[in-house]
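What follows is a set of notes on a single structure, which appears directly below.
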Amino acid sequence: MEEIFVENILNKALKCHSLNKEEIITLLQYGGDKLIHTADNVRKKYTGDGVYIRALIEFSNYCTRTCYYCGLRVENNKIHRYRMSVPEIISAAKDAIEKGFHTIVLQSGEDSRFKIDELCRIVEEIKKNDAAVTLSIGEKSFEEYKRLKSAGADRYLLRIETTNRELYQKYHPKMSFENRLRCLEDLRTLGYEVGTGSLIGLEEQSVEMIAEDILFFKKINADMIGLGVFIPHPDTPLGRADAGDFELARRAVSVTRLILPDINIPATTAMETLKPNGRLLVLSAGANVVMLNAAEDTEHKKDYSIYPDKAGVNEGLEESLAGLKNSLDKIGRKIIVSKGFRYNNRGG
Ligand code: 5AD
């Protein structure tokens, strides 16, 4: 019975790239291999077989926030905190560019020590090279986002984490869902390519809530969607919770690809961490982007412990790049040298 439903829903998605909540819920529950396969075809048709690579620089693990699931939360005093200096960040970015990366992703906890002038200087320096700059540094004011954009930043990643208000409020004490939405709106107004996404597998998160997240991605016409599966971190309030369901998160990637066919979707590190070969499995289910950690300092990588046993922390950038090339070969895909904007996928 579900088979027929699934088939009909997939046909509708292929025709109009739009689905209602019930249809999304059915795919998330029963989509199976047909869903994965259809999403893989849509990915191929709209973005090709190329995989965009991004170099990730996690420049500070200080954070003023208290998100229940995250190892960087301010109340975790077991973690060793580090903060790279401005010259260190710039030099790490230049190294990655020399190694062939055309997008630098600068990520940190919400570290109030970095003033906007400093952040702008970092962006300006990196933009002197032929590279796109993506920021992932949390909630800021319109004015701050504007200054960073003027400094040359191209993209911004800010996951909504969950679009369910009650769940959001529960896991993000002292934060406001409205402000999160305001940030995403401001980023869009300012002309950034906007990336958002959710955590899949939080306790009390229903399939219906995940369907609502996906509809939200469509509503704001996000340019990039990162979906991570929840992995419990022992030094957080959710340390004893179960990890999220890898297959459900993978199906969420596929459904997102069906309704936003030309966007960029990374195979996230959380997926690789939870399951061996997770990255390839997600790349075969609709994803077309991989972010590789560019830090030369292994200690920093270990200390950026959002969740435990993060995949790839013991490798250098060249090693991870070689590993990625190797595994992409196996699935007939290849790294593509490009800044990898969404409009590249539209033949732009
Ligand atoms: N498991 C998986 N992903 C997590 N993140 C934070 N904590 C965890 C966890 N325990 C994700 C959040 C954040 C991104 C940088 O890392 O979704 O946006």
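The values are calculated or read from the model by the stated rules, or taken from the named source; none is laboratory data. Quick caveat: nothing in here was measured; it's all calculated off a predicted structure. Glycine gets a Cβ as well: all are built from the backbone with ideal geometry, and neighbour counts include every protein chain shown.
Checking each residue in region 255-266 for being of a type outside the set (Lys, Arg) and more than 13 Å from the ligand (Cβ to nearest atom) picks out VAL255, THR256, LEU258, ILE259, LEU260, PRO261, ASP262, ILE263, ASN264, ILE265. I need a count of the residues in region 236-248 that are within 11 Å of the ligand (Cβ to nearest atom) and buried (at least 18 other Cβ atoms within 10 Å of the Cβ). Residues in region 236-248 being within 11 Å of the ligand (Cβ to nearest atom) and buried (at least 18 other Cβ atoms within 10 Å of the Cβ): 4 in total. Residues in region 44-67 that are part of a strand (DSSP E or B), out of contact with any helix residue (DSSP H, G or I) (no Cβ under 8 Å at 6 or more places or on another chain) and among the charged types (D, E, K, R): ARG54 alone. One residue stands out in region 216-235 among those that are assigned to a loop (DSSP other than H, G, I, E, B) and within 12 Å of the ligand (Cβ to nearest atom): the one that is nearest to THR196 (Cα to Cα), namely PHE230. The residues in region 112-137 that are more than 16 Å from the ligand (Cβ to nearest atom) and touching a strand residue (DSSP E or B) at 6+ places or on another chain (Cβ under 9 Å) can be counted, and the count is 11. The set of residues in region 15-30 that are touching a residue at least 24 places away in the same chain (Cβ under 8 Å), in a helix (DSSP H, G or I) and surrounded by 14 or more Cβ atoms within 10 Å (Cβ to Cβ) comprises ILE24, ILE25, THR26, LEU27, LEU28, GLN29, TYR30.
Within region 274-331, take every residue that is basic (Lys, Arg) and in a loop (DSSP other than H, G, I, E, B) and give me the one that is farthest from the ligand (Cβ to nearest atom). By that ranking, first place goes to LYS275.
When you look at ALA252, is it buried (at least 19 other Cβ atoms within 10 Å of the Cβ) and within 14 Å of the ligand (Cβ to nearest atom), yes or no?
Taking the combined requirement at face value, the residue satisfies it.
Screening LEU167, LEU119, LEU190, LEU181 for residues that are buried (at least 22 other Cβ atoms within 10 Å of the Cβ) and either modelled with pLDDT of 95 or more or at positive phi (or both) leaves exactly one candidate, LEU119. Restricting attention to region 238-266, the residues being within 20 Å of TYR156 (Cβ to Cβ) and either touching a Gly at 6+ places or on another chain (Cβ under 8 Å) or in a helix (DSSP H, G or I) (or both) number 4. Do we find that GLY197 is in contact with a Lys or Arg (Cβ under 6 Å, 6 or more places away or on another chain), away from the ligand (no atom under 15 Å from the Cβ) and either at pLDDT below 95 or outside any helix (DSSP H, G or I) (or both) in this structure? Criteria not met by GLY197.
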